[in-house]
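Some notes on the structure that comes next.
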Amino acid sequence: MGIRAVRLALFAALGLASVQAQTTPNVTIAPTAINVYIGTYYRFTAAVTGITPTTVGWSVALPPGATGSPGTIDTGGLYVPPSVMPSGGQVIVQVASNVNPAVLALALVNLYNPIPYIASVSPANVPLGSSTLTINGSGFVQGAVVKVGTVAMPTTFVSSTVLNVPVTATLDQMGTKFPVTVTNPDPGSSTTTQPIGVMYGSTDAPGTVSYSAAARFLDQAAWGPDAATTAHVQSVGFLQYLGEQVNAPPSQIPDLALTPYYLNGVQSRFFTNAVHGQDQLRQRLAFALLNILVVSGVQANNAPQLVPYLQLMQKDAFGNFRQLLEDVTLNPTMGTYLNMVNNDIANTTTGTLPNENYAREILQLFSIGLNQLNQDGTLKLDAGGNPIPTYTQTTIQQFAKIFTGWTYPTKPGATLSKHNPTNFIGQMVPFPSNHDNTTKTLLNAFVVPAGQGPAADLKMALDNIFTHPNVGPFICKQLIQRLVMSNPSPAYVSRVAGVFNNDGTGVRGNLAAVAVAILMDPEARAGDDPSSAAPINGGKLREPIFFLISTMRALGAQVNDTNPLTGYATNLGQQLYFPPTVFNYFVPDYTIPQSFTGSNTLIGPEFQIQSPSNAVLRYNTVNSIVYGNLGAGAVVNLTPFANLGNNTPALYQAIANAFFYGQLPAALQNAMQTATNAITGTTAASMKARAQAALYLALSSGYYNVEH
Amino acid sequence: MRINTRRDFLKIGLRTFGSLGAASVVGKLSQVNALAQNSCPTDYKALVCIFLFGGLDTNNVLIPINTPTTNANNSYANYAKIRGGLALPQANLRQINANGDSYGLHPNLTELANLYNTGGTGTGKVAIIANVGTLVRPLTKSQYQGPGATVPSNLFSHLDQQTEIQTSYAQGNGTTGWGGRLADAMQSCSSSKFPMVISVGGNAVFTTGSQTSPATVTAGQVLGLQGFSTSAANVARLNAVGNLLNFDNSFTMVSADNQIGANGINQSGLLNQALGGAPTLKTAFPSTSLGVQLQQIAKIISVRSALGANRQIFFAYLGGFDTHDAELNTHATLLPQVSQAMNAFYTATQELGVDNNVVTFTESDFSRTLQPSGGATLGTDHAWGSHHFIMGGAVKGGNIYGQVPTQALAAASPDDANTRGVWIPTTSLDQYGATLATWYGADPGKLATVFPNLGNFSGPLPAFL
């Protein structure tokens, strides 16, 4: 029923005439109809003629049949609506003469839903992936709709002060602030006007990142902090920096055609790129992946063979893990390293079976690992408390059949043969008659039907691996270990694996999203505030390659492609691109011997190559960096430190800024002081000697070796 | 204090670093005493473990030719038939005999074959133990293939099997090695400040005990801190290094890294001092990876008195045995290195007069499938039980201990775990190690600590020592 119809019906029921003679006693009300928002009020006025005194009384009522509260009206005609909309949404206001209550006037109030107000949005920073956003405020009604940005969200009405909406933050939204509004429905539909927004991503609004936090962040997201990048992160915030990094053009690995045969130049270029490249995060991620999906120069000992694999790692670093797995599987360098190339179907004449090498290691090392995992990376256990294997020897032999029938890419102009000549350009190609076309039973009893041919078999098998629930926790935990810390909590692993499983848009295996989730996780950022206690079991040892690069960056080194850093890394037990086996230089679950950790059991992958003798060699490497001469290819700049040689407090602070995120613990300062106090004189040589002594101590300290 | 000599200077450095973790050392001493030996030896003995990483295919190391006494089913013909393109020509094999049976060693194991044959059965300088591997308890084929068997965890995985061999704990996830635990057991007999266990192959779990932390030496590297003269400024800086070794700001990992650094500085200082008086070894070593490592070990043995050591356990290694392809070529490259380096080392122990006091033995991840795997060049896949060498004057060499598996596939061999010639070990690594540890001097009562699964195996230990 329309408002006009209601009003006419109402007046008729009350037996009122709509028009009365001017001279008769009369009460009028103004206005006779009005819209009032719940949560506001309205003052009616009345006029009395023909009666004295002219005092009136006010009252409110609901129309017949309506339920709820009509609200209140005071003696001055101030109408206050009810807090909850009565049925029908209308209220009748009556004003009557106190002398003759039969002389009265009525007005109709059409109640409007309240005007919504947002006090706060929680959380203030929406994490990557799916979560619930809570809007706190007032005036919310059933049917209210929350918009984040321009998108109307499915809104759950909790109370007039609380609304919930599910939100899904995707990678490309990270770092964006979205306005949040609430619109109440009709009658009187209205929308909040407060400038409230919600940040997708973490607490790093530009200008709020401390020096300590930015520098520490760059030990995780880059090859260590340098002065310029630290300032930049402070200026733009973590998320914008990550956004820039994801979009930064990749550093150049030498073009294959121009590369000399030997790997020296490729190795040196790696260090040049790491020290000076603008695509720091891509390089960190590509190197991390190279250390998980390992090929080694022990076998791929020349540039034409290794470089295409390095380029692949760089290309896929921010891509999808499924793509990476396929690119790696079909890469001839990997094919040669783990014997998938030219892997033959069983031969009853010569008595050979398919080679099991790639089948085993793609499962054990590249994707799912030996035992079933929970999403948080902890072992699933059977009823007897034992780990549950992900596969058996039979599974390996089934996958070995899958990986038969592939050979080197056919060279231009050549004809495909069962065993093509060696060629590392492009992807391996199938030779169908050398493929085992029988039925194979893979992980989780998935059956690959017979007769599909090599390409279809491979696709099914890689999908079978990629969809195994172990992949997220297995890969993400290792990436956390390589970027942030050796001993992430299960909750941290679970959060990142959750992003691996679904990046917020329903995509599984988005490595860029995983990287952002790793770096923006509260556990990664927990040590950013130096005033709060850092977790004593946090951190990780800098592996030799990272130690050298981060030192070069902190010392403002100029590094070019003639640098000798590969030799220094080799000396410390980490020959770049030459891990001893597919198990790499060190394994992700290496436990530091308990004699060094007391009552704590700590994983420390990098400690596997930190032997006592290598620890001494690390001191001697620092000696070479600080006191020696690395040659024209890697020139450190000690001048800013030497210039402070007569102002040792400033020298110590400069060193703290370069190597310790600006923090200068007393014991560290005291140690530097012990050394610098023993150097007399104020000459330039003395100043430099003090700077060198202090730098030697800082760089060789366990406190720097272990980033934390 | 005026510093006059390099040696004085080193002492200052050592004293500084020696203060690190004094309380924990006291705690460890009390634990050590609980493990004290009943009686302490006065002679010198050393064990040298050579770990062949990657899984050496010992099917092409020891080949039964004609073995009517111990296993009439084995013959060169049976071997050649299954091995196909990987079969080594019989004429090229290095002939050895055992128990009246004839075998061949890989053609490139010339020196080891000679040492095996020196003096005849029971007196040669090299023995072989056949089909040894990871086991929790004795295991037959029917048990293995049936339900409920206790099987080593993660068979056929390099890393897991390396760890199980080095820890002698086939249940997996062992965190201390049997070399380290053997040193723990003997530690109460040592007064040397230099660790009883020394690795020239980096950190290896074999070398780590509950109390024992190994010294490591990178063969061919300059030992000790560089860049410190005896100037006051340098002495002050060295003292500051020592001070920083005590600074960890409560971070466990910083503390661990500090202790490793302190160990390295102290150990290299002690070893440098000792090696200052080392005799010049006349024995020429091949300049291979293993040759250089074993030469380094010989040098350390030569200064055992200066180090105050009467028991030492060494760890060396050679990698590259994961022969999924190109096996014949790879063996032709690596096995001569093994044979020549071990031979040089034995000669060096003779030169040093300790050939009867040093026993060298090999280990590997596992052996490999008797049946080859296909590809452009033939290789083999991961298997299980394997054959190993024991070398030394005290070794009852010229003989094969344990049982050589029946060279057949699947049902045709009682030793094949599946279908490809994967040998279920007939001697456990614990038994192999226990013979070595007993010779080394561990009390019989200590063996259960060093080899937790040893009690699961009855019968005498292999008698190669």
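Some observations on this one:
- Rounded FRET efficiency, nearest 0.05, which uses the C-beta distance separating B:A91 from A:T439 and R0 of 45 Å: 0.50
- Placed amide H near A:Y112: partners under 5 Å, 5+ positions off or other chain: A:V36, A:Y37, A:I38
- Distance from the stretch B:271-345 to the stretch A:634-708 (C-alpha centre basis), Å: 41
- Shielding of peptide A:352-361 by partners, expressed as the average count of other chain Cβ atoms within 10 Å per residue Cβ, is 6.
- The residue list A:N374, A:A414, A:L353 was ranked by how far each Cα lies along the charge dipole of the stretch A:319-468 toward its positive end, using unit charges on Cβ atoms, and A:A414 comes out on top.
- Compared with the rule-of-thumb size 2.2 N^0.38 Å for a compact globular protein, the stretch A:476-606 has a Cα radius of gyration ratio of 1.21.
- The stretch A:465-501 versus the stretch A:38-88: alpha-carbon centroid distance in Å: 64
- Summarising the label geometry, the points placed 7 Å from Cα in the beta-carbon direction at B:A463 and A:T191 lie 9.6 nm from one another.
- DSSP-defined antiparallel bridges as percent of all bridges, the protein assembly as shown, nearest 5: 70
- Given charges at beta-carbon only (K, R positive; D, E negative), |dipole| of chain B in Debye: 1200
- Other-chain or far-sequence residues with amide H under 5 Å of B:G124's (modelled H): B:G397, B:G398
- Against chain A, whose longest principal axis comes from its Cα atoms, helix A:471-483 is set at around 70 degrees.
- Cα-Cα over 22 Å, subset of A:K177/A:K477; B:K193/B:K299; A:K380/A:K540; B:K45/B:K125; B:K45/B:K193: A:K177/A:K477; A:K380/A:K540
- Dipole in debye (nearest 20) - the stretch A:208-366, about Cα centre, beta carbon charges: Lys, Arg +1; Asp, Glu -1: 200
- Based on the reciprocal of the average 1/r between different C-alpha atoms, the Kirkwood radius for the protein assembly as shown equals 34.3 Å.
- Among A:T562, A:N537, A:M520 the positive-end extreme of the charge dipole of the stretch A:514-565 (Cβ point charges): A:T562
- Shielding by partners - mean other protein chain Cβ count within 10 Å, residues of A:690-701: 3
- P(r) weight above 15 Å for the stretch A:117-200, C-alpha pairs, percent: 51
- Quarter of the Cα convex hull surface for the stretch B:203-289, i.e. its orientation-mean projected area (nm²): 8.5
- Estimated FRET transfer efficiency when R0 is 45 angstrom, pair A:I536-A:L381 (beta carbons, to 0.05): 0.95
- Charged-residue dipole, Cβ positions (Lys, Arg, Asp, Glu), chain A about Cα centre, Debye nearest 20: 460
- The mean of 1/r over all pairs of different alpha-carbon atoms in the stretch A:319-468, once inverted, gives a Kirkwood hydrodynamic radius of 16.1 Å.
- Counting only other chain Cβ atoms within 10 Å of each residue's Cβ, the peptide B:201-213 averages 4.
- Only helical runs count toward this figure. For chain A, summing -39,500 (n - 2.57) over DSSP H runs of n ≥ 4 and dividing by all residues gives -10500 deg cm²/dmol at 222 nm.
- Residues whose amide H comes within less than 5 Å of that of B:I65, counting only those at least five positions distant or on another chain, are B:S102, B:Y103, B:G104 (H built at 1.01 Å from N in the peptide plane).
- Our coupling estimate for the stretch A:513-525, obtained by passing each phi through the Karplus curve with A = 6.51, B = -1.76, C = 1.60 and θ = phi - 60°, is 5, 4, 4, 5, 4, 4, 7, 9, 5, x, 6, 5, 8 Hz, Gly and Pro reported as x.
- Table column - 3J(HN,Hα) (Hz), the stretch A:377-389, Karplus curve with 6.51, -1.76, 1.60, x for Gly and Pro: x, 7, 6, 6, 10, 7, 4, x, x, 9, x, 10, x
- For the stretch A:318-326, backbone phi angles converted through the Karplus equation (6.51, -1.76, 1.60; θ = phi - 60°) give residue-by-residue couplings of 9, x, 9, 5, 5, 5, 4, 4, 6 Hz, Gly and Pro being listed as x.
- Helix axis angle, A:612-627 relative to chain A longest principal axis, alpha carbon, degrees: 80
- Applying a 4.7 Å Cβ-Cβ cutoff to the protein assembly as shown leaves A:C476, B:C49 as cysteine residues with no disulfide-compatible partner.
Here, each number is a calculation from the coordinates, and none is a lab measurement. It should be emphasised that the depicted structure is a prediction, and the values quoted were computed from it without experimental measurement. Glycine gets a Cβ as well: all are built from the backbone with ideal geometry, and neighbour counts include every protein chain shown.
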